[in-house]
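One structure is given here, and the rest of the page talks about it.
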Amino acid sequence: MKKIVILLTTLMLVSCNDGAFDIPAFDFTETINSCGEYVLYRTNADNTEVLVALLDTTQLGTAVGEASYDLIYPTSITYRIFDGAIGSNYFCETIPPATPNVVKDLAADNATINIVTSEIIENGVVTGYAYDITFLNLTFNDADERIYFESFFFGTFTRSI
């Protein structure tokens, strides 16, 4: 009887699925990079994961205060995983480089973008603007998974005038 219990226990341990599945880390550096004025992105430490926000001119304007925008074309938020590190000009290229390859590409299908705009003042003169960007109800869906954030602070983007 002991042998049967040991055998069954061993089989259960060997055959059990540990539930391992690929969960995106969403652990990005503090820096918001930009290409032009309206393609903003953050990468992870080894530049293999990226979160990209494509905004339009009205969303990063000069009106001080808080505004919210629904995720409607041309605005988009995309999460990508690459099989190698991307270069600093990857999103500025007219034709994206052939490598590294995109391993996962998820476009958000729902989000509200909340932007708090403030002036950067030096010596009594407005020299630029700071944008605190937060994504609310951010949802990525594909055939295999759903990634959801009730609130995701994208970061603070600054630009000089």
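The values are calculated or read from the model by the stated rules, or taken from the named source; none is laboratory data. Predicted, not measured: the structure shown is a model, and the values here were computed from it. No Cβ is skipped: glycine too gets one built from the backbone with ideal geometry, and neighbour counts run over all protein chains shown.
Any residue in region 130-142 that is farther than 13 Å from LEU71 by Cβ and modelled with pLDDT under 95?
Yes, region 130-142 contains a residue that is farther than 13 Å from LEU71 by Cβ and modelled with pLDDT under 95.
Test SER88 against the criterion of being of a type in the set (S, T, N, Q), over 17 Å from PHE140 (Cβ atoms), in a loop (DSSP other than H, G, I, E, B) and in contact (Cβ under 8 Å) with a residue 12 or more places away in the chain, and give yes or no.
Taking the combined requirement at face value, the residue satisfies it.
Within region 62-80, identify whether any single residue is exposed (fewer than 15 other Cβ atoms within 10 Å of the Cβ), at pLDDT 90 or above, farther than 19 Å from THR158 by Cα and more than 14 Å from the chain's Cα centre (by Cα), and answer yes or no.
Yes, there is a match, as at least one residue in region 62-80 is exposed (fewer than 15 other Cβ atoms within 10 Å of the Cβ), at pLDDT 90 or above, farther than 19 Å from THR158 by Cα and more than 14 Å from the chain's Cα centre (by Cα).
Would you confirm whether or not region 148-159 contains a residue that is without any contact (Cβ under 8 Å) to a residue 12 or more places away in the chain and under 15 Å from PHE26 (Cα atoms)?
So far as region 148-159 goes, yes, one or more of its residues are without any contact (Cβ under 8 Å) to a residue 12 or more places away in the chain and under 15 Å from PHE26 (Cα atoms).
In this structure, is GLY61 in contact with a Pro (Cβ under 6 Å, 6 or more places away or on another chain) and not in a strand (DSSP E or B)?
Judged against the criteria, GLY61 is not a match.
Report, by residue number, each residue of region 91-129 that is in a strand (DSSP E or B), over 22 Å from VAL64 (Cα atoms) and of a type in the set (D, E, K, R).
If the condition is that a residue be in a strand (DSSP E or B), over 22 Å from VAL64 (Cα atoms) and of a type in the set (D, E, K, R), then LYS104, ASP105, ASP109 are the ones that fit.
What pairs can you find where one residue is in region 37-49 and over 25 Å from PRO74 (Cβ atoms), the other is of a type in the set (Phe, Trp, Tyr) and assigned to a strand (DSSP E or B), and their Cβ atoms are less than 8 Å apart, with a gap of 6+ or different chains?
ASN47/PHE82; THR48/PHE82
Looking only at region 104-147, which residues are surrounded by fewer than 18 Cβ atoms within 10 Å (Cβ to Cβ), in contact (Cβ under 8 Å) with a residue 60 or more places away in the chain and over 19 Å from THR78 (Cα atoms)?
none
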